[in-house]
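A short worksheet on the structure shown next.
The values are calculated or read from the model by the stated rules, or taken from the named source; none is laboratory data. Remember, it's a predicted structure, so these values are computed and weren't measured experimentally. Cβ: placed from backbone, ideal geometry, glycine included. Neighbour counts: every protein chain shown. Note: accessible area is taken over every heavy atom of the protein model, side chains too, but ligands, DNA and RNA are not part of it. Shrake-Rupley method; radii C 1.70, N 1.55, O 1.52, S 1.80 Å.
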Amino acid sequence: MSLNTFGHLFRVTTWGESHGPALGATVDGCPPGVEITEDMLQVWLDQRKPGQNKFTTQRREPDSVRILSGVFEGKTTGTPVQLMIENTDQRSKDYSEISQKFRPGHADITYWQKYGIRDYRGGGRSSARETAARVAAGGLARAALAHLLPQVEVKGYMVQMGPRKIDRSRFDDAAIDQNPFWCPDETAAKDWADYLDGLRKSGDSVGAVIEVVARGVPAGLGAPIYGKLDTDITAAMMSINAVKAVEIGDGMAAAALTGTENADEISMGPDGPVFSSNHAGGILGGISSGQEIVTRFAVKPTSSILNTRKTITKDGQDSDIITKGRHDPCVGIRAVPVGEAMMACVILDHFLLHRGQIGDAGGQIGPQ
């Protein structure tokens, strides 16, 4: 299977399967001199790991990351950084009954149609377990950003679970880390808890919408046409398991606006340009404007559910299927730190590209 690498200068290759001995990431292109330790990476992996509450899969994985190369005396050397996370709580027997069947909503059938072989133990590479490697790589990207662009902050949160949305008038940054849903609306979080608990007990699942914001990103990152910053952000988010839609700024809602409403008017402030709004999500013509970069992505309901569904077998016979095992009733919960990781990787990658091509050049606004 090819195409397991993303990024241009900061390049991440993930490897491993859900029920293999380990998974991880090889990161090439990280600048030298970045302070990094396993404990620094573990902070981010602990946010994604399973089994932390009743609203996520009860698979118990410590997700302990090991740095195998590319770091000496606590700093990156500029050589490839190898990150490894061992799998310790696989239950492959849970999947033995589906070895000859295709789970509806899963990649089982398309993997088989493409490759003629599939790892039915938890989905192999199509499992959300793969995202642990991305979060480890994202932790390295965050450390590099702190070294090169310390003003940059990346923050993700859930804004919708199923049909239930947050009330943005109650948006509270402080609430995000105080509930299991990374929800900035305390009232919505309480409602979601009851809603999801009911779905979980009934053996069903539900989707979600995640918003990720990057603050402090300098103007000028990205390039016209085929090197757009929003192109790479969108591709990064879409590559996350179970994501079915991505938007930047107002996204699809921009189609309902007039030009007068949509235009982010500009005035001159004491420290440079000031925008009256941010419908564009911080990116114009594929290039960052200096505003907050805002993206949202929609995660479909977890396809592994305990309710009986119709399917077919590999020999073409109609059948029924129940997916046993331990699964997230809303996989969007653990997608929040994954989205943050992908944003950090893309921002760092585009900063390195920009620095390599432009250096200190670029148009100045205001008195010279």
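Return the calculated 222 nm mean residue ellipticity for the chain, to the nearest 500 deg cm²/dmol, obtained by summing -39500 (n - 2.57) across DSSP H runs with n ≥ 4 and dividing by the residue count.
After summing the helix terms and dividing by the residues of the chain, the value is -8000 deg cm²/dmol.
Sequence gap at least 6, Cα distance under 8 Å: using those rules, report the relative contact order of the chain to the nearest whole percent.
22 percent
Measure nothing but the geometry: give the 0 to 90° angle between the long axis through the Cα atoms of 229-238 and the longest principal axis through the Cα atoms of the chain, rounded to 10°.
The two axes meet at around 10 degrees.
Can you give me the P(r) profile for the stretch 306-359? Cα pairs, bins 10 angstrom wide beginning at 0, each as a whole percent.
The calculated distribution, bin by bin, is 18, 22, 19, 19, 14, 8, 0.
For a protection proxy built on the mean count of beta-carbon atoms within 10 angstrom, sort 269-277, 330-338, 103-111, 209-217 highest first, please.
Peptide ranking by packing, descending: 330-338, 209-217, 103-111, 269-277.
How large is the convex hull of the Cα atoms of the stretch 225-331 per residue, expressed in Å³ as a whole number?
179 Å³
At a 1.4 Å probe, what is the % contribution of carbon and sulfur to the accessible area of the stretch 211-281?
Here carbon and sulfur together make up 60 percent of the probe-accessible area.
Could you give the length gained by full extension between T5 and T110, i.e. 0.36 nm per residue of separation minus their alpha carbon distance, to one decimal place?
Working: separation 105, 0.36 × 105 = 37.80 nm, distance 2.04 nm.
Length gained, T5 through T110: 35.8 nm.
Beyond 27 Å between alpha-carbons counts as too far, so tell me which of K49/K114; K114/K201; K201/K314; K49/K228; K165/K201; K49/K201 fall in that bin.
Those over the limit are K49/K114; K114/K201; K201/K314; K49/K228.
Which translational diffusion coefficient, to the nearest whole µm²/s, is obtained for the stretch 227-281 from the Stokes-Einstein equation, given a Kirkwood hydrodynamic radius over C-alpha pairs, 10 °C and 1.306 mPa s?
Values: Rh = 13.2 Å.
After rounding, the answer is 120 µm²/s.
How would you order 309-317, 248-256, 19-27 from highest to lowest mean count of nearby Cβ atoms within 10 Å?
19-27, 248-256, 309-317
Can you give me the C-alpha center-to-center distance between the stretch 224-265 and the stretch 124-140, rounded to a whole angstrom?
24 Å
Kindly provide the pair-distance distribution of the stretch 152-204 built from C-alpha pairs, with 10 Å bins from 0 and whole-percent values in order of increasing distance.
Final binned percentages: 25, 51, 19, 4, 0.
Charges at C-beta only: +1 for Lys and Arg, -1 for Asp and Glu. How large is the resulting dipole of the chain about its Cα centre, in Debye rounded to 20?
With Lys and Arg at +1 and Asp and Glu at -1, about 1420 debye.
Could you look at the stretch 109-188 and say what percent of its accessible area is carbon and sulfur, using a 1.4 Å probe and all protein chains? Please list the in-between numbers first.
Working: 1750 of 3570 Å².
Of the solvent-accessible surface of the stretch 109-188, carbon and sulfur hold 49 percent.
How long are the semi-axes of the ellipsoid equivalent to the stretch 92-202, from square roots of 5 times the Cα gyration tensor eigenvalues, in whole Å, largest first?
Calculated on Cα positions only, the semi-axes equal 34, 24, 11 Å.
Of I305, A263, G251, which is farthest on the positive side of the dipole of the stretch 250-368, counting Cα position, with +1 on Lys and Arg Cβ, -1 on Asp and Glu Cβ, and the Cα centre as origin?
The residue sitting farthest along the positive end of the dipole is I305.
Taking a probe of 1.4 Å, how large is the accessible area per residue of the chain, in Å²? Display every interim value, and only then the final one.
On the way: 17410 Å² over 368 residues.
Per-residue accessible area for the chain comes out at 47 Å².
Principal axes first, then extents: for the Cα atoms of the stretch 175-280, list largest minus smallest coordinate on each axis, whole Å, largest first.
54, 32, 28 Å, listed from the longest principal axis down.
Between A22 and F72, what is 0.36 nm times their sequence separation minus the Cα-Cα distance? Round to one decimal in nm.
Stretched fully, the A22-F72 segment lengthens by 15.7 nm.
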